[in-house]
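The values are calculated or read from the model by the stated rules, or taken from the named source; none is laboratory data. This one's a predicted model, so the numbers in the text were calculated from it and none came from an experiment. Backbone-built Cβ (ideal geometry, glycine too); neighbour counts: all protein chains shown. Accessible surface is based on the protein model in full, side chains and every heavy atom, while ligands, DNA and RNA are left aside. Shrake-Rupley method; radii C 1.70, N 1.55, O 1.52, S 1.80 Å.
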Amino acid sequence: MQERAAMMSEEDLALVHALQLRPRASWTVLGQALGADPVTVARRWTRLARRGEAWILGSPGPLLFEHICVAFVEVECAVGHATAVVRALSGHAHALTIERPAGSHDLLVTVSTRDLLAMSRFTLDHLPAIEGVTAVRTRIVTHMFTEGGSWRIAALDPSQRAQLIEPADGSRTRRGPLDISPFDRAVLRRLAVDGRASYQALAAGLDTSASTVKRRIDRLVHLGLITFRCDFARPLGGWPVAVTFWARVPAADLPEVGHALVRYPETRNCAAVSGPYNLIVEASLHSLADVLRFETHLATRHPSLDIVDRAVMLRQDKLLGHLLDPHGRSVGVVPADLWSAPGTPAPEYRRVTASSVTSPPTDVG
């Protein structure tokens, strides 16, 4: 008999929303916004993290998306081989997200590499060589309107959200060279496992000082090369339905439509892509009935948007490096390393961590 999992509470969802807004805020700051004692908030996060019901990670920032190569890859598998293919793909650092759609293909894989050459090696050489893979179709992202780290739930009231809005930082810039050192890569791999790891904990693992780690993270954040996000087991939080729409939009209308779609609270990802359709929209919804309602709303509000296909995801096996169980809980992490050689298996971390509970970090900013 399949395990039944308890739904997340309203207090849990409020904490998740707070951490979506300020992923590395101190427990004191979070407690003030939530009207709770910092120790209570920290204890609640410990429980969520240990159960794999919520997690925080470092993920690609807005500037990085302008330099790397991202693709949505449709994979077809021989009958009975999909699970084995998922298992093989899950161990690769470049296969960030793996989903099983109810539709014309068996897997939808979000792949990210350092450049187009590395993408060609992964999708033309390594992926088709996996036993059980029968076909691969690659849709290159030509512009990312928004990505999953920008998605927010609505569990806090306006006054609580106002307390967590980060102050404007005049020193922050989105311009600068793409300079990711081996040390930066090591930091990013650790933050992919635990995005709330303290500077001291990171420094201990890297044999350096906390001030050096903080300085490098601050630089990556200020340049827009990394951002932090809080995610959670969506089926247990009230968003059990993930749906992907493929659409055609006249080229002249694409920027306007793309930027309009990212303002909908349901939209998780929205990107211009290559291929017979030029736009992909991924949404998180509360029910299957919302699929038609959302599609109808999009078609009504945007007449030039022609949705040519849609697929509800039967299962998400991997979400931005986190390996998921059928309830959407994180059971392990394969940190993304976009600069590694395509096809190289990555180390897997099976334990969900919550190191920040014992050593709360200061805000990254």
Practice item. Hey, could you check the range 66-94 for residues that are open to solvent by less than 10 Å² (accessible area, probe 1.4 Å) and in a loop (DSSP other than H, G, I, E, B) and say which is nearest to Ala186 (Cα to Cα)? Key: Ala93
Check your understanding: What about Ser59, is it of a type outside the set (A, V, I, L, M, F, W, C) and at pLDDT below 95?
Key -> yes
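Looking at the range 195-205, which of the residues that are modelled with pLDDT of 95 or more and touching a helix residue (DSSP H, G or I) at 6+ places or on another chain (Cβ under 8 Å) is surrounded by the most Cβ atoms within 10 Å (Cβ to Cβ)? I'd like the intermediate steps shown before the answer.
First, the residues of the range 195-205 that are modelled with pLDDT of 95 or more: 195-204.
Adding the requirement that they be touching a helix residue (DSSP H, G or I) at 6+ places or on another chain (Cβ under 8 Å) leaves 196-203.
Numbers: Arg196: 27, Ala197: 25, Ser198: 20, Tyr199: 20, Gln200: 15, Ala201: 20, Leu202: 23, Ala203: 18.
Across the range 195-205, the extreme among qualifying residues is Arg196.
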Review point. In the range 206-237, which residues are of a type in the set (Gly, Ala, Ser) and open to solvent by less than 20 Å² (accessible area, probe 1.4 Å)?
Key: Gly224, Ala233, Gly237
Exercise for review: Could you list, in sequence order, all residues of the range 1-28 that are crowded, with 20+ Cβ neighbours inside 10 Å and in a loop (DSSP other than H, G, I, E, B)?
Suggested key: Met8, Arg22, Pro23, Arg24, Ala25
Review point. Pick from the range 268-312 the residues that are acidic (Asp, Glu) and surrounded by fewer than 17 Cβ atoms within 10 Å (Cβ to Cβ): which of them is farthest from Ala247 (Cα to Cα)?
Key: Asp309
Point to revise | Among (1) assigned to a helix (DSSP H, G or I); (2) among the small types (Gly, Ala, Ser); (3) touching a Lys or Arg at 6+ places or on another chain (Cβ under 6 Å) - the single one Ala260 does not satisfy | key: (3)
Practice item. Show the residue pairs that are 6+ apart or on different chains and have beta-carbon atoms under 8 Å apart, the first residue being within the range 122-133 and hydroxyl-bearing (Ser, Thr, Tyr), the second being at pLDDT 95 or above. Key: Thr123/Ala71; Thr123/Val73; Thr123/Val111; Thr123/Val136; Thr123/Thr138
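Residues checked against (1) open to solvent by less than 20 Å² (accessible area, probe 1.4 Å); (2) part of a helix (DSSP H, G or I):
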site: Leu30; (1), (2): yes, yes
site: Ala33; (1), (2): yes, yes
site: Ser59; (1), (2): yes, no
site: Leu96; (1), (2): yes, no
site: Val111; (1), (2): yes, no
site: Thr134; (1), (2): no, no
Check your understanding: Here are some residues: His259, His327. Which one is open to solvent by 20 Å² or more (accessible area, probe 1.4 Å) and over 25 Å from Ala93 (Cβ atoms)?
Key -> His259
Check your understanding: When only residues in the range 35-49 that are among the aliphatic types (A, V, I, L, M) and farther than 23 Å from Ser330 by Cβ count, which is surrounded by the fewest Cβ atoms within 10 Å (Cβ to Cβ)?
Key -> Val39
Review point. What is the one condition in (1) touching a residue at least 40 places away in the same chain (Cβ under 8 Å); (2) surrounded by 15 or more Cβ atoms within 10 Å (Cβ to Cβ) that Pro265 does not satisfy?
Key: (2)
Review point. Out of all the residues in the range 263-276, which are among the small types (Gly, Ala, Ser) and not in a strand (DSSP E or B)?
Key: Ser274, Gly275
Review point. Yes or no: Phe145 among the aromatic types (Phe, Trp, Tyr), touching a strand residue (DSSP E or B) at 6+ places or on another chain (Cβ under 6 Å) and closer than 16 Å to Thr244 by Cβ?
Key: yes
Review point. Any idea which residue in the range 208-244 is farthest from Leu15 (Cα to Cα), counting only those that are at pLDDT below 95 and part of a loop (DSSP other than H, G, I, E, B)?
Key: Leu223
Check your understanding: Quick check: anything in the range 239-252 in contact with a His (Cβ under 9 Å, 6 or more places away or on another chain) and either surrounded by fewer than 20 Cβ atoms within 10 Å (Cβ to Cβ) or on the phi > 0 side of the Ramachandran plot (or both)?
Key -> yes
Review point. Taking the range 67-109 only, how many residues are modelled with pLDDT under 95, under 17 Å from the mean Cα position of the chain (by Cα) and within 20 Å of Leu279 (Cα to Cα)?
Key: 1
Review point. Regarding Arg100, is this residue open to solvent by 30 Å² or more (accessible area, probe 1.4 Å) and in contact with a Leu (Cβ under 6 Å, 6 or more places away or on another chain)?
Key: yes
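Looking at the range 310-365 only, could you name the residues that are charged (D, E, K, R) and modelled with pLDDT of 90 or more?
Listed by number, the residues that qualify are Arg310, Arg315, Asp317, Lys318, Asp325, Arg329.
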